[in-house]
Structure formats: C-alpha cells, structure tokens
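Visitor: I have a structure here, written as structure tokens, and I will follow up with some questions on it.
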Amino acid sequence: MLQVDLIARHISIVEYGKIRTVLGQGSGMESPGFNRLLEMAPRLGEAFTNLLQRQNITIREIYVDYEKNIELHTLAECLVDYDDLFHKWRAHHMALVARTIGTEANSLKGLSTQVLQKGIKTRFFPELLELRSTLTNESSVAYGGQPLS
Ligand code: HEM
C-alpha cells in the first residue's frame, strides 16, 4: 500500500501526466503477481470447502463453537485476512486513481477506470463475511436475540 500512497501524496497531477506519456500502454491488470493472487483465491476456497465436507462440519459450527474448532477457525480467519488485504489494497489503489488521473478518466489501455469498481465489489469468501451478520443479528439481544453460547 506504501507504493500507492507515495505516488498519491507526492506526485502532482501535472507531473503524473508527464510520467504517463512514457508509460506506454501497460496495465496493472497484466501484473503476473496480481493475477497469481487472483487465481489463488478460488482454489483456496475450494480446498477449504472440501476440507469442511470431509470433516462433516459447517462454517457456522466452526464459528459458534470456535474453541472446540480452533484450527479450522484459525484457517477460516486466514482466508478472511487474504480477502481483506486484497480488498484494502484495491480500495487504496482506487483512491490513488481518483487522486491522480480521476475516476472518469480512461486508463493507458483505454479502459474506463470504472473497471476497478467491479474489483472493489468482489469478495473472495463472501460466506465467511455474511456469517458475521447472521450471527450478530441472531445473538443481538437488542433485537430480541439470544447469546450464541
Ligand atoms: C498514479 C498511479 C496509478 C494509476 C493512475 C493507476 C491506474 C490504474 C487503472 C486505470 C487501472 C485499471 C485499468 C487498467 O489496468 O488499465 C489499474 C489497474 C491496476 N493497477 Fe494501477 N494505477 C496506478 C498505480 C499503480 C501501482 C503503484 C500499482 C502496483 C503497485 C498498480 C497496480 C495495478 C493493478 C494490480 C491493477 C489491476 C487492479 C484490479 O484488477 O483490481 N497501479 N491501475
């Protein structure tokens, strides 16, 4: 995130405009490292789902009784870390784009910067995030809920 902040905070729009003229038509979307991380996510998700099926346990059971399922709970939270860090980097990068070339500009590849919005809306493991809302609402005494355990 540091690279993104450095550019956003220390290069003026005019200076960046000059830099851009020599950047050719490259695109961050072609970054091998970035695409490797993108490819990993569904494979991690599938491996996790297969593991839960083999252990005959649900995500909900892991979280409700997390002390008994501490290893699986830790693994699930590592997946959430992966999703979170990726999401935060994309949001940071989007803020950089908004501050440098603007959100209505086109990229060096002629793509609208709006393509980045789709990425920001993407979560790798939505079921692990949705469960938080479900358990919170179920256990929220404020809504007549009962403590989980
Ligand atoms: C002022 C600096 C920057 C601007 C204006 C900018 C702009 C953009 C734009 C418009 C896109 C989407 C369309 C396309 O790829 O052609 C994009 C994608 C991307 N850029 Fe940048 N970028 C900047 C700096 C960086 C830096 C410093 C990095 C890496 C450290 C980076 C990595 C990426 C990646 C990985 C993508 C694909 C993102 C995704 O698919 O969600 N960019 N960038």
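Visitor: Could you tell me which residue of the range 9-28 is nearest to A95 (Cα to Cα), considering only residues that are touching a residue at least 40 places away in the same chain (Cβ under 8 Å) and open to solvent by 100 Å² or more (accessible area, probe 1.4 Å)?
Guide: I13
Visitor: Tell me whether the range 31-50 contains one or more residues that are part of a loop (DSSP other than H, G, I, E, B) and within 15 Å of the ligand (Cβ to nearest atom).
Guide: Taking every residue of the range 31-50 in turn, at least one turns out to be part of a loop (DSSP other than H, G, I, E, B) and within 15 Å of the ligand (Cβ to nearest atom).
Visitor: May I pose another question? Here are the criteria: (1) touching a Gly at 6+ places or on another chain (Cβ under 7 Å); (2) within 16 Å of the ligand (Cβ to nearest atom); (3) in a helix (DSSP H, G or I). Tell me which single one E138 does not satisfy.
Guide: The single condition E138 does not satisfy is (2).
Visitor: In the range 29-63, which residue that is among the small types (G, A, S) and open to solvent by less than 50 Å² (accessible area, probe 1.4 Å) is nearest to V115 (Cα to Cα)?
Guide: Across the range 29-63, the extreme among qualifying residues is S31.
Visitor: State all residues of the range 75-87 that are buried (at least 16 other Cβ atoms within 10 Å of the Cβ) and either closer than 15 Å to V4 by Cα or near the ligand (Cβ under 9 Å from one of its atoms) (or both); if no residue qualifies, say none.
Guide: F86, H87
Visitor: Which of the residues belonging to the range 53-109 are free of Cβ contacts under 8 Å to residues at least 24 places away in the same chain, under 30 Å from E15 (Cβ atoms) and of a type outside the set (S, T, Y)?
Guide: Residues satisfying the conditions are L85, V97, A98, G102, E104, A105, N106.
Visitor: Now a separate question. What number goes with the only condition from (1) under 30 Å from T136 (Cβ atoms); (2) open to solvent by 90 Å² or more (accessible area, probe 1.4 Å); (3) part of a helix (DSSP H, G or I) that Y66 does not pass?
Guide: Every listed condition holds for Y66 apart from (3).
Visitor: Are any of the residues in the range 31-38 touching a helix residue (DSSP H, G or I) at 6+ places or on another chain (Cβ under 6 Å) and aromatic (F, W, Y)?
Guide: no
Visitor: Please enumerate the residues belonging to the range 109-130 that are under 18 Å from M94 (Cα atoms), outside any loop (DSSP other than H, G, I, E, B), open to solvent by 40 Å² or more (accessible area, probe 1.4 Å) and more than 6 Å from the ligand (Cβ to nearest atom).
Guide: S112, Q117, K118, K121
Visitor: To continue, here is another question. Considering only residues that are within 9 Å of the chain's Cα centre (by Cα) and open to solvent by 50 Å² or more (accessible area, probe 1.4 Å), which ones fall in the range 88-108?
Guide: Those that are within 9 Å of the chain's Cα centre (by Cα) and open to solvent by 50 Å² or more (accessible area, probe 1.4 Å): K88, W89.
The values are calculated or read from the model by the stated rules, or taken from the named source; none is laboratory data. Bear in mind that the values here come from a model prediction, so they are computed numbers and not experimental data. Cβ: placed from backbone, ideal geometry, glycine included. Neighbour counts: every protein chain shown. For accessibility, only protein heavy atoms count, side chains too; no ligands or nucleic acids. Shrake-Rupley method; radii C 1.70, N 1.55, O 1.52, S 1.80 Å.
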